[in-house]
């Protein structure tokens with residue numbers, strides 16, 4: 001219920017933002033255009049945000065014949081968690097990571113990288129996948145997928161407004177074009193930070209919750225703790241670069257195109273603190 005409310009609030013906020021931009025940019029005509037755009041984006045966010053996330057990560061579906069190991073683990077964990085078996089995808093990168101997405105447990109997908117399958121043993125992979133199924137069970141996968149869409153949309157809208165004002169397609173005349181361009185430039189700078197704040201608002205606590213739920217599903221918090229320790233060490237050697245709008249989806253925060261702000265605007269709690277919460281101490 002709470003996650004459904006958060007999703008509704010986020011979609012309403014995006015609608016309000018689009019309407020405000022449309023009104024300020026092109027008056028009544030812009031308001032109507034923004035209303036149409038908001039309706040399309042809300043529909044796409046709800047029904048297609050998971051497909052967008054999978055596409056942006058270059059994830060490919062894998063069959064049981066291609067990945068018998070991961071199928072066995074996912075099916076066993078889904079039965080323990082009392083949720084439907086999600087679709088399984090492989091991300092073709094050697095950097096270790098994973099994420100879950102979908103609008104509800106009946107339409108969920110989990111994606112793992114080639115790298116995480118290579119470095120983790122079965123207990124550790126079980127811990128990682130239980131964490132991802134924890135997101136599914138806790139029903140926060142829709143909120144996360146919608147946030148990815150909204151964060152990307154905010155940045156896209158900022159760029160559209162900037163270039164429209166720069167070339168004189170906004171609501172003002174030539175006399176105030178410079179002012180419009182300056183205000184649009186300010187939006188181009190501020191909007192990505194707005195997107196980051198939306199991500200931060202929902203991401204950190206949900207990682208702790210998914211860690212806890214995953215440990216309950218497996219009954220083995222050590223497996224996930226060891227996996228997080230391995231991922232933390234390997235991911236620094238083989239970094240994974242993704243769009244900033246996607247970073248909060250992963251079990252381990254990958255590098256983004258705004259890497260210089262990664263520590264200040266981290267969407268994930270520190271790995272060492274997550275390990276301590278799981279097993280009461282960090283690994284020596």
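The values are calculated or read from the model by the stated rules, or taken from the named source; none is laboratory data. The structure presented is a predicted model; accordingly, all values stated were derived computationally and were not measured. Virtual Cβ from ideal backbone geometry, glycine too; neighbours counted across all protein chains shown.
Looking at this structure, is residue 140 under 18 Å from residue 217 (Cβ atoms) and modelled with pLDDT of 95 or more? So residue 140 fails the test. Scanning the stretch 249-284 for residues that are closer than 17 Å to residue 100 by Cβ and modelled with pLDDT under 80 yields a single hit, 267. Cβ-Cβ distances below 6 Å connect the following pairs, each with a first residue in the stretch 105-119 that is touching a residue at least 60 places away in the same chain (Cβ under 8 Å), a second residue that is assigned to a helix (DSSP H, G or I) and surrounded by fewer than 24 Cβ atoms within 10 Å (Cβ to Cβ), and a separation of six or more residues or different chains: 119/230; 119/234. Residue 159 fulfils the conditions (1) buried (at least 22 other Cβ atoms within 10 Å of the Cβ); (2) modelled with pLDDT under 95; (3) part of a helix (DSSP H, G or I) except for a single criterion, (1).
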